[in-house]
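The block underneath contains the structure these notes are about, expressed in C-alpha cells.
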Amino acid sequence: MKYKGIIFDLDGVLVHTDKYHYLAWKQIADRLGIYFDEKINNKLRGVSRMASLEIILEGSTKNFSDEQKQKLAEEKNSVYRQYLEGLTQRDLGEGVLQTLDKLKTMGLKLAVGSSSRNAVLILKKTCIYGFFDAVSDGNNIVKTKPDPEVFIKAADMLGLLCGQCLVVEDAVSGVLAATAANMDCAAIGDAAKHKIATYNIENFYQLVEIVS
Ligand code: BG6
Ligand code: MG
C-alpha cells in the first residue's frame, strides 16, 4: 500500500462542525459590529481559537486587551459547545463511517490531527473515537497550522515516519502544514478549490482508491 497511516483533520473533514464554528464566531462578530462572512470564515479553517479571533478583530478599528480577547474566545467556545451538545453520528460527513471502517480493515493506522481543543468530545459524540489509534489536537500543540507540529506529533503517536502518512484536510492552512511536514495531502471541500494539495477529492470514498 502507498501509505501506512492516514491523519484526518476533524472540523470540516470528518464532521460538519465547521458550520457551528462559523455561527458561533458570527454571533460574536455581529455583537462587536465587525463584518464577518463565509469568505472570512474560510481563513479560520484549521487555525486555533485565539488566532481565529485575531483574524476577526482585524475587521475592527478598536483595540482589545489580552483579557478582553480571552473573554471573547471563551464566549465563542461556550456558544460553540452549545451547538456541540446536539451533535450525533448524523453530523458526520458523507461516507465517513463506511470509509473509516474500510481503511481500518485494510490495515491502515488512523489518527486525528486537529487544532481543536474540543476534538475528543466531538469524536465521542459522533461515535467514531474508537476508529483512531491516536489523537493529536489543540491540547498537545504549541503552534497552529500552517505549522506542521500537529501532524508530526500525530505520525509520531502512530509510530510512523511523516513520509508514510497521508493527511486529509479541508483547510488551506492544513494543506500547507501537511506539505511542511513532508506528507502527501488529500484536500476536500474549501481546500480542494485551491488545487495546492497532492490530491483533490470530492468525496470520502475516493480515499480508498488513493491509498490502494
Ligand atoms: C479547527 C477549526 O479544527 O479548530 C478552526 O478548523 C478552529 O476553525 C480550531 O478555530 C480550534 O477549535 P476549538 O474547538 O479549540 O475552538
Ligand atoms: Mg478543518
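Values quoted throughout were computed directly from the atomic coordinates according to the rules given, and no laboratory measurement underlies them. Everything quoted here is computed from the prediction, not taken from an experiment. So basically every Cβ, Gly included, is an ideal-geometry build from the backbone, and we count neighbours across all protein chains shown.
Evaluate the relative contact order of the stretch 133-182 (contact order divided by residue number), counting alpha-carbon pairs under 8 angstrom at least 6 apart; express in whole percent.
RCO, the stretch 133-182: 42 percent.
Report, as a whole number in µm² per second, the diffusion coefficient that Stokes-Einstein gives for the chain at 10 °C and 1.306 mPa s using the Kirkwood radius over alpha carbon pairs.
On the way: Rh = 17.3 Å.
Taking Rh from Cα pairs, D becomes 92 µm²/s.
Can you put ASP9, ASP156, ASP147 in order of Cβ neighbours within 10 angstrom, beginning with the fewest?
Listed from fewest to most nearby Cβ atoms, that is ASP156, ASP147, ASP9.
Sticking with the crude label model, points 7 Å out along Cα→Cβ, report the distance from LYS124 to TYR83 in nm, one decimal please.
Each label point is offset 7 Å from its Cα along the Cβ direction, giving 2.1 nm.
If you take the alpha carbon radius of gyration of the stretch 137-212 and divide it by 2.2 N^0.38 Å, what ratio comes out, to two decimals?
1.05
Under the 0.36 nm per residue contour assumption, what length would be gained going from the current alpha-carbon distance of MET50 and ASN140 to full extension?
Working: separation 90, 0.36 × 90 = 32.40 nm, distance 1.54 nm.
30.9 nm is the gain from fully extending MET50 to ASN140.
Taking 7 Å along the Cα-to-C-beta vector as the label spot, tell me the SER212-GLU94 distance in nanometres, rounded to one decimal.
Taking the two extended label points, one gets 2.0 nm.
Modelling each spin label as a point 7 Å along the Cα-to-Cβ direction, I'd like the MET106/LEU161 distance in nm, to one decimal.
2.1 nm
Exposure proxy check: ARG49, ARG81 ranked by fewest other beta carbons within 10 Å?
Sorted ascending by nearby Cβ count, the order is ARG81, ARG49.
Where Lys and Arg each count +1 and Asp and Glu each count -1, what net charge lies around LYS76 among other residues with Cβ under 13 Å from its Cβ?
+3
Going Cα to Cα from LYS125, which lysines come in below 25 Å? Please leave out same-chain ones fewer than 8 positions away.
Those lysines meeting the cut-off are LYS19, LYS26, LYS76, LYS102, LYS104, LYS109, LYS145, LYS153.
How large is the dipole of the chain about the Cα centre if only Lys and Arg carry +1 and Asp and Glu carry -1, each at its Cβ, rounded to the nearest 20 debye?
The calculation lands at about 140 debye.
Translational D (Stokes-Einstein, µm²/s) of the stretch 45-100 at 25 °C and 0.890 mPa s when Rh comes from the Kirkwood sum over C-alpha pairs?
Stokes-Einstein gives a translational diffusion coefficient of 179 µm²/s.
Report P(r) for the stretch 9-107: all Cα-Cα distances, bin width 5 Å, range 0 to the bin holding the largest distance, values in whole percent.
2, 12, 21, 21, 16, 10, 7, 5, 3, 2, 0
Do you know the relative contact order of the stretch 1-119, to the nearest whole percent, from alpha carbon pairs under 8 angstrom that are 6+ apart?
Contact order relative to length: 51 percent.
When only Cα pairs under 8 Å and 6 or more residues apart are kept, what is the percent relative contact order across the chain?
Working: 358 pairs, mean separation 57.4, N = 212.
Computed over the chain, the figure is 27 percent.
Would you tally the net charge around LEU97, using a Cβ to Cβ cut-off of less than 12 Å, leaving LEU97 out, and scoring K and R as +1, D and E as -1?
Summing Lys and Arg as +1 and Asp and Glu as -1 gives 0.
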